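Structure first, then comments.
Coordinate-derived values only; no laboratory data. All of these numbers come straight from a predicted model, not from anything done at the bench. Note that we place each Cβ from the backbone using ideal geometry, even for glycine, and neighbour counts take in every protein chain shown.
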Amino acid sequence: MRVWIDAHCHLDLPAFDGDRAAVLARSRAAGVTGWVVAGVEPAGFAAQRALAAATPGLAWTAGLHPCWAHTVPLDGALTALPEAFVGPHPAVAVGEIGLDHRAPYAAHRAEQARAFREQLALARALDRPVVLHVVRAHGEVLAVLKGDGVPRAGGVVHAFSGSVEVMQAYLALGLHISLAGPVAHPRSRRLHAAAAAVPAHRLLVETDAPDQPPPGVPGRNEPAVLPQVIAAVAALRGAPVAQVGAQAAANARRLFGLT
């Protein structure tokens, strides 16, 4: 029996409001019975907590996404974060946090950097893992992590898209690597090399639903698609699909403290 975990998705978003129960049912039918719902800004934390309370196997993380850092009052957003980690069904990690230097977000580097460093400090203080969002900013993120310090609880680079060398730099800091739909694209050769080289005990898999579907999935992505991601990773590693899925799920449970 499959007991696989989607280590990063956004089931709380409006994209799933019309059929969330059906999405979860399809996920369970596909053997994906655990989900980590990543936070992007404090306005969504209450809905995430409620979803975790109502859905066995679902956990959530709380953070201010770098692409949202310029859209909310930073002081208020950062002050609200610690509340997510107390009370019933608390958040299990700080994230997603990091840097995104694509246009137009690169225009707000100062806000992103402040939000990233303050949330990283919170994770260290709370001894919670971090969920990192890094786009076109691996050098900058690695410099902050090395300078400020990674939480003892570790963390994960979600939807990793870098080279083997960049991956090794994150691994050296004790972080995990999570692979999403792009790993199944035939032209993603750099990512294929990284997927083949991730140590088994540091590998996670995700959908990032509703975004980043693998090839052949039109429109909205959802957790039921995770077996396609696992199959692509398994093929690149020359390993059985069941083994890769089970190992990634065990890693997610350990990292996030899931039962």
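Here are the numbers for the structure shown:
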read-out	value
Kyte-Doolittle mean at least -1.0 and Cα axial length at least 20 Å: DSSP H helices in the chain	109-126, 241-256
Computed helical MRE - 222 nm, the chain, DSSP H runs ≥ 4 contributing -39500 (n - 2.57), nearest 500	-12000 deg cm²/dmol
29 Å tail of the calculated P(r), the chain, as % of Cα pairs	23
Dipole axis of the chain (+1 Lys, Arg; -1 Asp, Glu on Cβ), positive-most option in Q228, A21, A209	Q228
Alpha carbon centroid spacing (whole Å) that separates the range 59-84 from the range 150-189	23
Fluctuation leader among D100, D211, D19 - the chain, Gaussian network, Cα springs under 10 angstrom	D19
Rounded to whole Å, sorted largest first: equivalent-ellipsoid semi-axes of the range 52-193, Cα gyration tensor	24, 19, 15
The range 55-94: translational diffusion in µm²/s, Stokes-Einstein, Kirkwood Rh over Cα pairs, 4 °C, 1.567 mPa s	115
About the Cα centre, charge dipole magnitude for the range 4-256 (Lys/Arg +1, Asp/Glu -1 at Cβ), debye	700
Isotropic mean projected area of the C-alpha convex hull, the range 1-120 (nm²)	8.0
Among A248, A69, A50: highest mean-square fluctuation, GNM of the chain, C-alpha pairs under 10 Å	A50
In the range 118-218, the trypsin sites (Lys or Arg not before Pro) that fall in loop regions by DSSP, at most 11 other Cβ within 10 Å	R152, R187
Ratio of Rg to Rh over the range 112-259 (Cα coordinates, Kirkwood Rh, two decimals)	0.96
Dipole axis of the chain (+1 Lys, Arg; -1 Asp, Glu on Cβ), positive-most option in T61, A180, A250	A250
